[in-house]
Structures are given as C-alpha cells and as structure tokens.
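Bear in mind that the values in this text are calculations on the coordinates, not laboratory data. Owing to the predicted nature of the structure, the values given are computational and were not obtained by experimental measurement. A quick note on method: Cβ atoms are made from the backbone with ideal geometry, for glycine too, and the neighbour counts reach across all protein chains shown.
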Amino acid sequence: MGKVKNYMMDIEENVYDLVGLEDKISESEDVSEVKSWVVDQLGLKTHFDIGIAEGAVTEMWNELWGNYQDCPY
C-alpha cells in the first residue's frame, strides 16, 4: 500500500480505538456532536486529517443508527 493509504488507515484506527466512542455515538443527537468530540480527542488540526476522522465517524454513525431504521416498531 502507498504511504497516503497507510496514513489514512492509521487515523481511522485511532478513531476506532477511542475509549467511549460507541457511547458517544449512542447518546448524541447528531453526528456532528460526535465528529467534534473525535477531532478534539485526537487533536487533529489539518482539514485532511479531520476529513478522514469525520468519514470514519459517519460510517460508524450510519452503521449504528441504520439498524434502527429497519425496526418495525
């Protein structure tokens, strides 16, 4: 793999490894709350890094809350 791909995967892994991330996702009313929390926790500064982290958060958010859309009640 290329250096950029490895760099991106490292940031995603840092997001997934954050303690309390799943709780934050389940208790937040909007994905933007979680994105801000992750960026603060990781101390990300560049738009590139923030975009990678926010993408990972969005995927996790959709994965969790997408399960509830299919719920019949």
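Report, in order of residue number, the helices in the chain meeting two criteria: a C-alpha extent of 18 Å or more along the helix axis, and a mean Kyte-Doolittle hydropathy of at least -0.5; treat each whole DSSP H run as one helix.
Within the chain the helices that satisfy the rule are 47-69.
I need to check one value: relative contact order of the chain, counting alpha carbon pairs closer than 8 Å and at least 6 residues apart, in percent.
Answer for the chain is 36 percent.
At R0 = 25 Å, how high is the FRET efficiency between Glu33 and Glu13 if r is their beta carbon distance? Nearest 0.05 is fine.
Step by step, r from the Cβ atoms, then E = 0.70.
Work out the charge dipole of the chain with +1 on the Cβ of Lys and Arg and -1 on the Cβ of Asp and Glu about the Cα centre, then indicate which of Asn62, Thr46, Gly2 is farthest towards its positive end.
Selected residue: Gly2.
List the lysines whose Cα lies under 27 Å from the Cα of Lys3, skipping any in the same chain that are fewer than 8 positions away.
Lys35, Lys45
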